[in-house]
Amino acid sequence: MPDSKVAWNDEELAGLADVLDTVERHPEIDRQPAVPGTQGPSLNPVLREGLARRDLTAVFDAVGERVKGLLRQDVPFYQVVQILHDVTDPLYKALGADYGRDLARVLRAIQAFSKFKDQASIRAGEVFAAQRAQLVEEEQRKIIRELSTPVIPVWDGILVMPLVGLVDSSRAKQMMEHLLNRISLLGSRIVILDVTGVPSVDSAVADHFIRTTRAARLVGARSIIVGISPQVAQAMVRLGVSLEGVETYGDLHSGLQRALSLLGYTVTREPQ
Amino acid sequence: MNIPVLQIERFLIVSVQGELKDNDVTALQQNLLERLRRTEAAGVLIDLTAVEVVDSYMGRLLRDTAAMIRLMGVPTVVVGLRPAVAVTLVELGLDLPGIHTDLNLERGLTWLRTQMR
């Protein structure tokens, strides 16, 4: 977790209080640069409260939330940080105007703001990194999901769905939805489920094969299952799963031949 | 809501639009079966393209209606089931066994014609 417990001593807190006073006295400082639609409610009250309680945790949490919101609106990270840095120049000018006679006080305020800016930037960086990591992970998961359930239109009206590896319930569900959408989009008449790459099935997965074939039928496609391995065949019979009403073939080759002939295609080879 | 029963060639076509109330459905069943007898139709096509959600009640009703039509000796085809609707029906165990289903109106009609021979 971000280290928001960085200690702030009395000097720094007093400096920050002066900064806040100045910001509130000069509304032009707080005017955020033109990133449309990103201006949230002012964080000044949160800062005021934090100063009163001598604990800035909530302040940096609020900064983090604000950054999260901005990133979610697709504001680039450099612009997010820029918002904070844009305040610096007008603030220093205003501090000079307010406390110019008391250089020690100006310096104290500048040091406090500098520390504040550093910590806010660090928090922004942490939020950015976390969000980026999450994004990458989601993206990867999506790609893996799609890769693991390809649906291939091999011929007019014929889809092949090769299944590779272990099928769990969530993947099976995903697979069924994906397949049904493709059938309905392409108007496919025959679906070949190729389970050559499935090493084993349990009753939930076997049940899912059946559901998939039933749902496919409802949207107008007939299913053929190919490539059931000896292990899977044994498991299915032991589990009492019957694929009644579903044609099965040993390999993709025979399944495809059957599908072609069901659709009235004949494949001939021209004599060389 | 009154669901119209249309006739094309010798086929009766029912296009269900949106949500059905209990009364609508019984009225539809009645209407459809009467029409079947009167018109000596050769097939019934039920189009569900416009139906986005089904519940168990509607699923059972669909199954029963199709079974009734079949008892009267007429082939039935249900077309236009959306993927989500198909998944729901299968999950409810109401996947219309013994009833022909097809992708869309055109394919459903083609199938009905093959049944006439």
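The values are calculated or read from the model by the stated rules, or taken from the named source; none is laboratory data. Computed from a predicted structure; not experimentally measured. Neighbour counts run over all protein chains shown; Cβ positions are idealised from the backbone, glycine included. Heavy atoms of the whole protein, side chains included, go into the accessibility calculation; ligands, DNA and RNA do not. Shrake-Rupley method; radii C 1.70, N 1.55, O 1.52, S 1.80 Å.
In table form, for the structure just shown:
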read-out: Inter-chain shielding of B:79-92 (mean C-beta neighbours from other protein chains, 10 Å cut-off); value: 6
read-out: Solvent-accessible area, 1.4 Å probe, carbon plus sulfur percent, for segment A:10-143; value: 55 percent
read-out: Helix-derived mean residue ellipticity, 222 nm - over chain A, DSSP H n ≥ 4, -39500 (n - 2.57), to 500; value: -20500 deg cm²/dmol
read-out: Per-residue mean of C-beta atoms belonging to partner chains within 10 Å, peptide A:184-192; value: 2
read-out: DSSP loop GluC sites (Glu not before Pro) with at most 10 other Cβ within 10 Å excluded, longest remaining stretch of chain A; value: A:29-243
read-out: For A:208-215, mean number of other protein chain Cβ atoms within 10 Å; value: 4
read-out: Estimated D of chain A in µm² per second, where Rh is the Kirkwood radius over Cα pairs and Stokes-Einstein applies at 4 °C, 1.567 mPa s; value: 54 µm²/s
read-out: Cα pair distances exceeding 12 angstrom across segment A:135-195, given as percent; value: 68 percent
read-out: Dipole magnitude of chain A, debye to nearest 20 (Cβ charges: Lys/Arg +1, Asp/Glu -1, about Cα centre); value: 800 debye
read-out: Partner lysines for A:Lys117 [C-alpha distance under 16 Å; skip if fewer than 8 residues away on the same chain]; value: A:Lys5
read-out: Under Karplus coefficients 6.51, -1.76 and 1.60, residue-wise ³J(HN,Hα) of segment B:25-41 in Hz, glycine/proline x; value: 5, 5, 4, 5, 4, 4, 4, 5, 5, 4, 4, 4, 5, 5, 8, 6, 5
read-out: Principal semi-axes in Å for segment A:152-262 [√(5λ), Cα gyration tensor, largest first]; value: 21, 16, 12
read-out: Residues of type lysines that A:Lys142 reaches as a straight line, Cα spacing below 17 Å, ignoring anything fewer than 8 places off in the same chain; value: A:Lys173
read-out: Accessible area expressed per residue, segment B:5-116, with surrounding protein chains retained (probe 1.4 Å, Å²); value: 49 Å²
read-out: Gaussian network model of chain A, Cα within-10 Å springs - most flexible of A:Arg171, A:Arg211, A:Arg238; value: A:Arg238
read-out: Full-extension gain in nm, A:Ile122 to A:Leu103, via 0.36 nm per residue minus C-alpha separation; value: 4.0 nm
read-out: Shape call, segment B:14-117: gyration tensor on alpha carbons, a/c limit 1.5; value: oblate
read-out: Most positive-pole-ward Cα, A:Ala104, A:Leu84, A:Ile144, against dipole of the protein assembly as shown from beta carbon charges; value: A:Ile144
read-out: Furthest towards positive pole of dipole, A:Ala204, A:Ala235, A:Asn181, structure part segment A:126-264, Cβ charges; value: A:Asn181
read-out: Distance between segment A:169-195 and segment B:34-107 - C-alpha centres, whole angstrom; value: 21 Å
read-out: Distance histogram for segment A:90-231 (every C-alpha pair counted, 5 angstrom bins, percent rounded to whole numbers); value: 2, 9, 14, 14, 10, 7, 5, 4, 4, 4, 4, 4, 4, 5, 5, 4, 2, 0, 0
read-out: Those trypsin sites (Lys or Arg not before Pro) in segment A:56-142 that DSSP places in a loop and that have at most 16 other beta carbons within 10 Å; value: A:Arg101
read-out: Loop GluC sites (Glu not before Pro), segment B:26-65 (other Cβ atoms within 10 Å of the site Cβ: 13 or fewer; DSSP); value: B:Glu40, B:Glu52
read-out: Cα centroid of segment A:58-77 to Cα centroid of segment A:105-137, whole Å; value: 10 Å
read-out: Heavy-atom accessible surface that A and B bury in contact, both chains counted, 1.4 Å, Å² to 100; value: 1400 Å²
read-out: Expected 222 nm ellipticity per residue - DSSP helices of 4 or more, -39500 (n - 2.57), all of chain B, to 500; value: -15000 deg cm²/dmol
read-out: Qualifying aspartates and glutamates (Cα of each under 18 Å from Cα of A:Lys93; at least 8 residues distant if same chain); value: A:Asp18, A:Asp21, A:Glu24, A:Glu28, A:Asp30, A:Asp102
read-out: Three principal axis lengths of segment A:10-143 [C-alpha, angstrom, descending]; value: 62, 30, 21
